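**Student:** Sending over a structure as structure tokens; questions will come in a sec.
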Amino acid sequence: MTTTEKLIQMVIAIALFIGVMAAILLLTQRLKSRRGERIQAVAFVGPALFLVAVGLLYPAVKTAYQSFFGANGENFVGIENYIDIFTNSGLLVVLRNTMLWVLLVPTLSTFIGLVYAVLVDRSRFEKLAKALVFLPMAISLVGASIIWKFVYEYKGTENTQIGLLNGVLKALGFDTYNFLFYSPWNTLFLIVILIWIQAGFAMTILSASIKAIPDDIVEAASLDGVSGLKMFFFITVPSIRPSLIVVLTTISIGTLKVFDIVQTSTGGRFDTSVLAYEYYFQYFVSLNQGLAAALAVVIFALVSPIIIYNVRQMRKLEAR
Amino acid sequence: MTTTPTPEPAMVKETPGPTTGKKSASRAAREGLTSKTASGVSLVIALLWTLPTFGLLVSSFRPEREAKGNGWWNAFTDPNFTLDNYREVLGGEGDASLVTFLVNSIVITIPGVLIPITLATLAAYAFAWMKFKGRDVLFVAMFALQIVPIQVTLIPLLSLYTSPPFNLRPLAGRDAPAGGLYELWLSHAIFAMPLAIFLLHNFMREIPGELIESARVDGAGHVEIFTKIMLPLMAPAIAAFGIFQFLWVWNDLLVALVFSGPDVAPLTVKLVNLVGQRGEDWHLLSAGAFVSLVIPLAVFLGLQRYFVRGLLAGSVKG
């Protein structure tokens, strides 16, 4: 398709969509009787409900069902796929890596975000300082992976270095290091990329929450002689605890589903795969439908308790 | 959720600090560290967060031989810049040019934002202000669907697109309408729905009920209330979610890899392929990466205010 054709298709689709929605609204506008109200309600919620039922509910149930079937999706294998995930040595590495991601990304990004928020709070350059850390949030995970792959770029020690980190290593007199090659350390270097993106999110939320701590609490504490790190640990952190939990859980959820960084940086090689990547790999490369479905269900099982907890925390925050 | 504090006048003037008369928690905490360490640490963090991007940006303007031959920091001692890299990635015809993929990204993103926001606003209105049987049950169900990760849905959704029931026209494959764009639009709309409805519903409930009630008494129907009262009041909230959805669709890789045919692949897919095929050509990779970053960065910087508000309202999509 040419560019013009694509743009025309887009305009047609938008016009079609607006036309249908406008027709629905105009047709139901006049209805004021009891029955009419019911039809109006259907017109308002119907499209969304339909999309979600067909696009989320049905596929989720189907995937759960498929996870009990073999590679081609036809012969029933019971819980064999699940046994595989928790016994096969290659897949155990995937689980280990996923564990590392979920432990390190939320804690470190939250910690860095919090420290930074405290340090720049009400300083002269607060706006600019925040924007610098905040900006990576607009960058795609693919773009961020390219940025960091360049930082990690490896050449033998005798060559001229073009990667920043190896350039520093060489300048300090060390041998250069192939950051993305040696397992399990390479997973840590990939984790850095997501921390780099998520710290800005943590900082934004925590900064707003720090600013909302009532001044009288702080003043009372400082009258009692509390200051410095004590103030941080006994006043600041407890006061923003609910926001801390929301930030930690939100980042955990995002981390469990991260796929782009592994795909762009290493393509899952050198033992860097994680659940979300392995799912894609098993289905589209290894053509093992059953195992892919089981991996998706495992992601679901790990994500759902965190989301439920997260939502309950958010409710509490809103109620305050 | 959290409210931004209103600046209060310092009522008790017992700590006449050099800059402000008032101590914040973080300020007091910071004073414990010497202020030199504090600014040192924040400077290091700020540097770590900017240097990687800056290095790639510098490289994208360096001639091929230099970008591949020595570190980007050499550009300061031996400045030599060119636009050739951008000419190369943007020039050429068809798949050789990033412009093709830039257009794809735009064509995917605009309906991918418009459609879910419209549908979600309508549904959120109904859940917030219309009375119908089963409303609360349906809302909770919609809300609960946030726990479904998109991985769980991809495979069955793909087979629905390729071989739909009731002899409907397949949305994927060689004869797909609009080169398979419809499956991308639909998928992005589907995945956005639970969170969008949840967030917009929260905003809508904040609008005072008397406003709607009095309009009802005056004989206004739901459609009228929705278009004349709700939409203008909801504009900031819609903008906040719109930016979210824009960044999500523009930066998405997984949905694009699974559903887009080669004809309509977005920039992210092209970039991943470039990394795979020309991983050593840093002059092209860097320029390509920045082509993909320009639009989201511009949108983000321009509308940051709304984005922060959306963030603070809470988001768990990913």
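**Student:** FRET efficiency for A:F50 and A:I83, Cβ-Cβ distance as r, R0 = 51 Å, nearest 0.05?
**Tutor:** 0.85
**Student:** In percent, what relative contact order does the stretch B:115-201 have, based on Cα pairs under 8 Å that are 6 or more apart in sequence?
**Tutor:** 51 percent
**Student:** Under 1.5 on a/c is rounded, so check that first for the stretch A:95-154, then, if it is not, pick prolate when a/b is larger than b/c and oblate when it is not; a ≥ b ≥ c are the square roots of the alpha carbon gyration tensor eigenvalues.
**Tutor:** Oblate, because a/c is 1.5 or more while a/b does not exceed b/c.
**Student:** Something else now. Given the rule -39500 (n - 2.57) for each run of at least 4 DSSP H residues, summed and divided by the residues of the protein assembly as shown, what is its mean residue ellipticity at 222 nm, to the nearest 500 deg cm²/dmol?
**Tutor:** Result for the protein assembly as shown: -22000 deg cm²/dmol, rounded to the nearest 500.
**Student:** Further, regarding this structure: How big is the stretch B:133-210 in terms of Cα radius of gyration and Dmax, in angstroms?
**Tutor:** For the stretch B:133-210, the Cα radius of gyration and maximum Cα-Cα distance read 16.5, 54 Å.
**Student:** Taking a 21 Å limit on the Cα-Cα distance, which of the listed pairs A:K62/B:K131; A:K130/A:K230; A:K170/B:K68; A:K127/A:K149 fall beyond it?
**Tutor:** With Cα atoms farther than 21 Å apart: A:K62/B:K131; A:K130/A:K230; A:K127/A:K149.
**Student:** Using modelled backbone amide H atoms (1.01 Å from N, in-plane), which distant-in-sequence or interchain residues come within less than 5 Å of A:Y154's amide H?
**Tutor:** Those lying under 5 Å, H to H, from A:Y154: there are none.
**Student:** Separate question: Top mean-square fluctuation among A:D216, A:D260, A:D121, Gaussian network model of chain A, C-alpha springs under 10 Å?
**Tutor:** A:D216
**Student:** Whose amide H sits under 5 Å from the amide H of A:F69, counting only residues 5 or more places off or on another chain, with H placed in the peptide plane?
**Tutor:** Here A:V77 satisfy the definition.
**Student:** With θ taken as phi - 60° and the coefficients 6.51, -1.76 and 1.60, list the Karplus ³J(HN,Hα) couplings across the stretch A:207-221 in order, rounded to whole Hz; mark glycine and proline as x.
**Tutor:** With coefficients 6.51, -1.76 and 1.60, one gets 4, 4, 6, 5, 5, 8, 5, x, 5, 5, 4, 5, 5, 4, 5 Hz.
**Student:** A further question on this structure: Note down the net charge around B:P232, summing +1 for each Lys or Arg and -1 for each Asp or Glu among other residues with Cβ under 15 Å from its Cβ.
**Tutor:** -1
**Student:** Volume per residue, Å³, of the convex hull around the alpha-carbon atoms of the stretch A:164-240?
**Tutor:** Spelled out: Cα convex hull of the stretch A:164-240, divided by residues, is 150 Å³.
**Student:** Here is a further query. Please list 3J(HN,Hα) in residue order for the stretch B:54-67, calculated via the Karplus relation 6.51 cos²θ - 1.76 cosθ + 1.60 where θ = phi - 60°; whole Hz, with x for glycine and proline.
**Tutor:** 4, x, 5, 4, 4, 4, 5, 9, 9, x, 3, 4, 7, 4
**Student:** Also, quick follow-up: Provide the packing ranking of A:177-183, B:124-130, i.e. peptides ordered by the mean count of other C-beta atoms within 10 Å per residue, highest first.
**Tutor:** B:124-130, A:177-183
**Student:** So if R0 is 51 Å, what FRET efficiency would B:L83 and B:L168 give, r being the distance between their Cβ atoms, rounded to the nearest 0.05?
**Tutor:** It comes to 0.60.
**Student:** While we're looking at this one, here's another question. Keeping all protein chains in position, work out how much accessible area A:M10 exposes to a 1.4 Å probe, and write it in Å² to the nearest 10.
**Tutor:** 20 Å²
**Student:** Okay, moving on. Contact order normalised by length for chain A, with contacts defined as Cα pairs under 8 Å and 6 or more residues apart; what percent is it?
**Tutor:** Reported relative contact order: 24 percent.
**Student:** Let me ask something else about it. Mind checking the mean number of beta-carbon atoms from other chains within 10 Å of the Cβ atoms in A:293-306?
**Tutor:** Neighbouring Cβ atoms belonging to other protein chains average 3 per residue here.
**Student:** Is any residue of the stretch A:244-281 close enough, with backbone N under 18 Å, to a label point placed 7 angstrom from the Cα of A:R312 along the Cα-Cβ axis, and if so, which?
**Tutor:** A:244-253
**Student:** Using Cα pairs closer than 8 Å and at least 6 residues apart in sequence, work out the relative contact order for the stretch A:113-189, in percent.
**Tutor:** Rounded, it is 17 percent for the stretch A:113-189.
**Student:** Next up: Work through the residues other than A:L291 whose Cβ is under 10 Å from its Cβ and net out their charges, Lys, Arg +1 and Asp, Glu -1.
**Tutor:** -3
**Student:** Can I ask one more? If all Cα-Cα distances of the stretch A:80-319 are sorted into 10 Å bins from 0 onward, what percent lands in each bin, rounded to whole numbers?
**Tutor:** P(r) for the stretch A:80-319, in whole percents per bin: 7, 25, 29, 22, 12, 4, 0.
**Student:** From the phi angles alone, apply the Karplus equation (6.51, -1.76, 1.60; θ = phi - 60°) to the stretch B:100-105 and give each ³J(HN,Hα) in whole Hz, x where the residue is Gly or Pro.
**Tutor:** 3, 6, 4, 4, 4, 4
**Student:** I need the shape label for the stretch A:132-265. Rule: rounded when a/c is under 1.5, else prolate if a/b > b/c, else oblate, with a, b, c from the alpha carbon gyration tensor.
**Tutor:** Since a/c reaches 1.5 and a/b is larger than b/c, the shape of the stretch A:132-265 is classed as prolate.
**Student:** Can you give me the convex hull volume of the Cα atoms of the protein assembly as shown, divided per residue and expressed in Å³?
**Tutor:** Dividing the Cα hull volume of the protein assembly as shown by its residue count gives 177 Å³.
**Student:** Trypsin sites (Lys or Arg not before Pro), restricted to the stretch B:99-139: which are DSSP loop and have at most 14 other Cβ atoms within 10 Å?
**Tutor:** Filter output for the stretch B:99-139: B:K131, B:K133.
The values are calculated or read from the model by the stated rules, or taken from the named source; none is laboratory data. In this text, all values refer to a predicted model and were calculated from it rather than measured experimentally. For neighbour counting, all protein chains shown are included, and Cβ atoms are generated from backbone atoms with ideal geometry for every residue, glycine included. We work out accessible area using only protein heavy atoms, side chains counted, and drop any ligands, DNA or RNA first. Shrake-Rupley method; radii C 1.70, N 1.55, O 1.52, S 1.80 Å.
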